[in-house]
1. Does the stretch A:12-34 contain any residue that is within 16 Å of A:PRO83 (Cα to Cα), at pLDDT 95 or above, in contact with a Lys or Arg (Cβ under 7 Å, 6 or more places away or on another chain) and not hydrophobic (A, V, I, L, M, F, W, C)?
2. In the stretch A:174-191, is there at least one residue being out of contact with any helix residue (DSSP H, G or I) (no Cβ under 6 Å at 6 or more places or on another chain), surrounded by 13 or more Cβ atoms within 10 Å (Cβ to Cβ), at pLDDT below 85 and over 27 Å from A:ASP56 (Cα atoms)?
3. Restricting to the stretch A:132-173, count the residues that are surrounded by fewer than 16 Cβ atoms within 10 Å (Cβ to Cβ) and among the small types (Gly, Ala, Ser).
4. Looking only at the stretch A:1-19, which residues are surrounded by fewer than 21 Cβ atoms within 10 Å (Cβ to Cβ) and at the interface with chain B (Cβ under 7 Å from one of its Cβ atoms)?
5. Being surrounded by fewer than 20 Cβ atoms within 10 Å (Cβ to Cβ), within 14 Å of the chain's Cα centre (by Cα) and modelled with pLDDT under 95 narrows it down to one residue among A:ASP109, A:ASP56; which is it?
6. Within the stretch A:21-53, how many residues turn out to be surrounded by fewer than 18 Cβ atoms within 10 Å (Cβ to Cβ) and either of a type outside the set (Lys, Arg) or under 30 Å from B:GLU70 (Cα atoms) (or both)?
7. Taking the stretch B:8-17 on its own, how many of its residues are surrounded by 19 or more Cβ atoms within 10 Å (Cβ to Cβ) and facing chain A (nearest Cβ under 8 Å)?
8. Which helices (runs of 4 or more DSSP H) does the stretch A:1-85 wholly contain that include 2 or more residues that are of a type outside the set (Ser, Thr, Tyr), over 30 Å from B:GLU30 (Cα atoms) and in contact (Cβ under 8 Å) with a residue 24 or more places away in the chain?
Amino acid sequence: MNRDDRLLLEKLMAAMADGDAAALFPFIEHFGTALAREVRRVLRELGRTDLLRDRDELDGLVQDAAIDLFRRAAGWDRTGALPWVWARSAIRSVVVRGIGHATVALDPDRFDLVERGPVAGGSDTPDIDYEALRARDADFELFCRAVDEVGSERDRRVFHEYLAQQANGDPSPSHTVGSQFGLTAENVRQIAKRMRDQLRRLIRVDNRYRALSERGCLAA
Amino acid sequence: MSTTMMMSAEGWATDVTRLCERLAERLAREGAPFPGAGAVALAVRGGAGVDRSTFAAQLGLDPHELALAENGALPYEQLPEAIRQLASSETRLDLDRLLGRG
């Protein structure tokens, strides 16, 4: 890191230590690449190499890591290690929270797979009988009830399909689901992010869904 | 500090709207009545890369008014004109999404 970068880093960390959230924008712009390197390292450790190529997911995790550093900035010693090295374990926790625990939200082995033929404009993979799964699995039923309370009908369908594709190991679920619903991959990622955020908010305020807080993609 | 929202050669291109949404959530948790507008005001200054008093001086604004804007105390329509102009010209900010106009 050259002297100018070092001075900028110290200035932005000082601003964040003072609670200036606006500093997050230039901080991520200038040091996001270093944060991303740390995030990728954690993803590799966790075996989530599928996410290394998902630029949108990676950016979300970089933002999460930056916001975590923002909260901790007052504790950083500028004579010590770089912030992302100093906060390595915290960033690891952020990544684990962001991608969920080792288990994923939906277990494909528990799905009823019903051959329904090709989906219009989409893949020819078997579709999932969600109603049958809801009737049989109390956890999934609770999850679906929470999903039913947030987002539009289209967003709910996109979200379910996105999670199912992820659970099936699809390396790029946003592209797959996008082609099924006539959306761009970016749209799908935004919908999935929005649904997750809304679900997390719902879980925080509605005790009926508290049990979902530890669930894969929603774990806080 | 940078005075532009453009990326440096080794910069990280982040989803500015998403970052705003996260900051808006934080402002909302703190009780701000207009968290989306507050996040937009923060993003605009963040793009300029300067502290609040410097930015207020650059735009000829009252620092107190700028603080109110950034704290989410003002609706978007009541943000200083200069802030709204800068926000409108920042293509990475999806104002409709942030202000719930979509």
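The values are calculated or read from the model by the stated rules, or taken from the named source; none is laboratory data. Please read all numbers here as calculations on a predicted model, not as lab measurements. Neighbour counts run over all protein chains shown; Cβ positions are idealised from the backbone, glycine included.
1. Scanning the stretch A:12-34, I find no residue that is within 16 Å of A:PRO83 (Cα to Cα), at pLDDT 95 or above, in contact with a Lys or Arg (Cβ under 7 Å, 6 or more places away or on another chain) and not hydrophobic (A, V, I, L, M, F, W, C), so the answer is no.
2. no
3. Of the residues in the stretch A:132-173, 6 are surrounded by fewer than 16 Cβ atoms within 10 Å (Cβ to Cβ) and among the small types (Gly, Ala, Ser).
4. A:LEU8, A:LYS11
5. A:ASP56 is the lone residue from the list that is surrounded by fewer than 20 Cβ atoms within 10 Å (Cβ to Cβ), within 14 Å of the chain's Cα centre (by Cα) and modelled with pLDDT under 95.
6. Here the count works out to 7.
7. 4
8. Qualifying helices (runs of 4 or more DSSP H): A:24-45.
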